[in-house]
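First the structure, which I've put down as structure tokens, then a few questions once you've had a look.
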Amino acid sequence: MSKVVIVGGVAGGMSAATRLRRLDEKAEIIIFEKGPYVSFANCGLPYYVSGEISDRSKLLVQTPEALYDRFRLDVRPEHEVLSINAEEKTVTVRSNGEESTESYDKLILSPGARPFVPPIEGLNETENVYTLRNVPDLDKIMKRIDGTNPKKAVVIGAGFIGIEMAENLKHKGIDVVVVEKAPQVLPPLDEEMAVFVENEMEENGIKVITSQSAVAFKDKGQRVILEDGSELETDMTVMSVGVQPENTLAESAGIELGFRGGILVDENYETNVSDIYAVGDAIVVKNQITGADALISLASPANRQGRQVADIIAGMKRKNKGSIGTAIVRAFGLTAASAGLSERMVKMAGLDVASVHTLSKDHAGYYPGATDITLKLVFNPNDGTIYGAQGVGVKGVDKRIDILSTAIKAGLTVYDLPELEFTYAPPFGSAKDPVNMIGYAALNIIEGMSESVQWHELNSELENGAVLLDVRNESELEASGRFPNSVNIPLNDLRDRMDELDKDQTYVISCRSGQRSYIGERLLKQSGYKVKNLDGAFALYQTVKPEEIDYV
């Protein structure tokens, strides 16, 4: 009978434990968890703050008693593993102030990640600064809210957790300011996609400050000083600037660390120390697209890794294939999601890249309740390799990004996207799904049917002598605004009015979404005109650069 000791529960550790039991009824399985809860829904924690999840017990997925009854697992919460003796294959554990030793045949480390808290002046003197990573963290935040009824809060960091915390604090009736060091919210997204989220937050009463960081706390945390010298008054602050691998135990045991302090594992999740494995947020994974080392702190990969390491220990053949980092967040009435690499990341990796944006409806436009979805596809313009995808919209974003994430994981290319078949009825989708449509749009670029100009390239094109041709109707211009110094010929009039254009002149053509402008581009090109299509068209450009639009 083998003896497996697991350090850390939650996603990775508990997935490993329960899977191993299903594979080996006779194995002795012990789980040491430093905190009081071995299995909880950490992704649900922000929603308890607002009361959207009203029952705290719903966050506690399993108890040690229930795990013993069903799986005969020896779960020991509030047991901190202090050290590992790899030669003797033992761990030293502390609980209730006493230390003990436990032997193992196989050891699985699932320590997770801890919030990164930068060294900010005055932080040690604060009484109202919090992080949110586990249930005890949540309890401290709720004690503050319920005990002092705060009126103002600052959230430092506008990643996924920061966005969720800001929304739920606002729903609690607290005035919220979000501070983000990057020039945009949600740094994993590209700038023009993140703008949708920032606009949604501001429309719901949250003040967003970008390109700034907190440099000091004053008055025991009642004032936050930003790097430009400005001050924010706050009754409580939530630090959400990212996480870092919990690697102290591994490092002290001589386990090799890698990228940003993550635990290095091979394709079998085994460390450089024999019979010691690691999974979850603490390990270095391979980005499945580039092969580069990465840290991806998400629940889905951690659960998968836990299951796979159990398979490996049980003698089954499994490989750690890496991850692409698919993620999603809600910001009030908007959903934002991404899979794979952003355009910025692809450029940093030195790869050939093109991108395309489409604006579609989440289901048939003629059926009531249809809403916009803006998708972005990042791909290789030479062979159609899909690097990444991003989406924002009210609903239906999760479905499309999940599809595109699956396509990336499966090695499909741009050429495959139009071939994908989806269920269709008017309440659920369109005969040509947004995923099909963005595949067609990308194919048009690869095959030379369309030459696109990105939103950030438009001014340069105009400065170099191009003229912007807007093919929207006059009523649209009056209702939504117009590009300054543009020529307007509605698409349906374009064939009859082409002689108003100059064949020696380059035109950048636009409509609202890019569909009509593509039709205009094809028409004009076949008539001998020099034309490029404004990718994302007016809808995207107006969102990113509203100050450059003329409103009547």
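Six or more apart or on different chains, Cβ under 9 Å: which pairs go from a residue in segment 477-496 that's under 18 Å from E463 (Cα atoms) to one that's open to solvent by 50 Å² or more (accessible area, probe 1.4 Å) and assigned to a helix (DSSP H, G or I)? Could you list them?
Close Cβ pairs satisfying both conditions: F483/E548; P484/E548; N485/L462; V487/E500.
Any chance segment 454-477 includes a residue that's touching a His at 6+ places or on another chain (Cβ under 9 Å) and either in a strand (DSSP E or B) or surrounded by 12 or more Cβ atoms within 10 Å (Cβ to Cβ) (or both)?
Scanning segment 454-477 turns up at least one residue that is touching a His at 6+ places or on another chain (Cβ under 9 Å) and either in a strand (DSSP E or B) or surrounded by 12 or more Cβ atoms within 10 Å (Cβ to Cβ) (or both).
If you scan segment 58-76, which residues turn out to be open to solvent by less than 100 Å² (accessible area, probe 1.4 Å) and either among the aromatic types (F, W, Y) or touching a strand residue (DSSP E or B) at 6+ places or on another chain (Cβ under 6 Å) (or both)?
L59, L60, V61, Q62, P64, L67, F71, L73, D74, V75, R76
A further question on this structure: Can you find, within segment 346-377, the residue that is farthest from S513 (Cα to Cα) among those that are charged (D, E, K, R) and in contact with a strand residue (DSSP E or B) (Cβ under 8 Å, 6 or more places away or on another chain)? Steps first, answer last, please.
Step one: list which residues in segment 346-377 are charged (D, E, K, R), which gives 347, 352, 361-362, 372, 376.
Narrowing further to those that are in contact with a strand residue (DSSP E or B) (Cβ under 8 Å, 6 or more places away or on another chain): 361-362, 372, 376.
On the way: K361: 11, D362: 14, D372: 10, K376: 13 Å.
If we take residues in segment 346-377 being charged (D, E, K, R) and in contact with a strand residue (DSSP E or B) (Cβ under 8 Å, 6 or more places away or on another chain), then D362 is farthest from S513 (Cα to Cα).
Given the condition in contact with a Leu (Cβ under 8 Å, 6 or more places away or on another chain), open to solvent by less than 50 Å² (accessible area, probe 1.4 Å) and among the small types (G, A, S), answer yes or no: does some residue in segment 408-427 qualify?
No, segment 408-427 contains no residue that is in contact with a Leu (Cβ under 8 Å, 6 or more places away or on another chain), open to solvent by less than 50 Å² (accessible area, probe 1.4 Å) and among the small types (G, A, S).
Taking the options I53, I108, name whichever one is outside any helix (DSSP H, G or I), β-branched (V, I, T) and more than 18 Å from K3 (Cα to Cα).
Criteria check complete, one pass: I53.
Mind checking which residues of segment 281-320 are touching a Gly at 6+ places or on another chain (Cβ under 9 Å), of a type in the set (A, V, I, L, M) and within 17 Å of L20 (Cα to Cα)?
A302, V309
What number of residues within segment 26-35 are open to solvent by 30 Å² or more (accessible area, probe 1.4 Å) and either within 19 Å of G280 (Cβ to Cβ) or outside any loop (DSSP other than H, G, I, E, B) (or both)?
Residues flagged as open to solvent by 30 Å² or more (accessible area, probe 1.4 Å) and either within 19 Å of G280 (Cβ to Cβ) or outside any loop (DSSP other than H, G, I, E, B) (or both) within segment 26-35 amount to 2.
Picking from T385, T371, T290, T335, which residue would you name as being open to solvent by 20 Å² or more (accessible area, probe 1.4 Å), among the polar types (S, T, N, Q) and in contact with a His (Cβ under 9 Å, 6 or more places away or on another chain)?
T371 is the lone residue from the list that is open to solvent by 20 Å² or more (accessible area, probe 1.4 Å), among the polar types (S, T, N, Q) and in contact with a His (Cβ under 9 Å, 6 or more places away or on another chain).
Still on this structure, please answer the following. Output the residues belonging to segment 239-268 that are surrounded by 17 or more Cβ atoms within 10 Å (Cβ to Cβ) and among the charged types (D, E, K, R).
E246
Within segment 36-46, which residues are open to solvent by less than 40 Å² (accessible area, probe 1.4 Å) and outside any loop (DSSP other than H, G, I, E, B)?
Within segment 36-46, S39, F40, G44, L45, P46 meet the criteria.
While we're here: Have a look at D55, D105 and point out the one that is open to solvent by 20 Å² or more (accessible area, probe 1.4 Å) and within 30 Å of H171 (Cβ to Cβ).
D55
Something else: Can you pull out the strands (runs of 3 or more DSSP E) entirely within segment 262-377 that have at least 2 residues that are in contact with a helix residue (DSSP H, G or I) (Cβ under 6 Å, 6 or more places away or on another chain) and modelled with pLDDT of 95 or more?
327-331, 334-340, 354-361
Is there a residue being touching an Asp or Glu at 6+ places or on another chain (Cβ under 8 Å), more than 30 Å from D535 (Cα to Cα) and either open to solvent by 10 Å² or more (accessible area, probe 1.4 Å) or not in a helix (DSSP H, G or I) (or both) anywhere in segment 189-205?
yes
In segment 3-25, is there at least one residue being part of a loop (DSSP other than H, G, I, E, B), open to solvent by less than 40 Å² (accessible area, probe 1.4 Å) and within 24 Å of Y269 (Cβ to Cβ)?
Yes, segment 3-25 has at least one match.
Provide a single number: the residues in segment 529-552 that are farther than 20 Å from N464 by Cα and not in a helix (DSSP H, G or I).
Count: 4.
Something else now. Are any of the residues in segment 171-181 under 22 Å from C43 (Cβ atoms), in a helix (DSSP H, G or I) and at pLDDT 95 or above?
yes
Which ones in segment 219-238 are open to solvent by less than 10 Å² (accessible area, probe 1.4 Å), touching a residue at least 60 places away in the same chain (Cβ under 8 Å) and among the hydrophobic types (A, V, I, L, M, F, W, C)?
V224, M236, V238
Right, next: Given the conditions (1) open to solvent by 60 Å² or more (accessible area, probe 1.4 Å); (2) aliphatic (A, V, I, L, M); (3) without any contact (Cβ under 8 Å) to a residue 40 or more places away in the chain, which single one is not true for I161?
Only one criterion is unmet by I161, namely (3).
Does V435 satisfy being open to solvent by 50 Å² or more (accessible area, probe 1.4 Å) and modelled with pLDDT of 95 or more?
Values: open to solvent by 50 Å² or more (accessible area, probe 1.4 Å): no; modelled with pLDDT of 95 or more: yes.
Answer is no for this residue.
The values are calculated or read from the model by the stated rules, or taken from the named source; none is laboratory data. No experiment lies behind these values; they were computed from the predicted model shown. Glycine also receives a Cβ, built like all others from the backbone with ideal geometry; neighbour counts cover every protein chain displayed. SASA here: full protein model, heavy atoms, side chains in, ligands and nucleic acids out. Shrake-Rupley method; radii C 1.70, N 1.55, O 1.52, S 1.80 Å.
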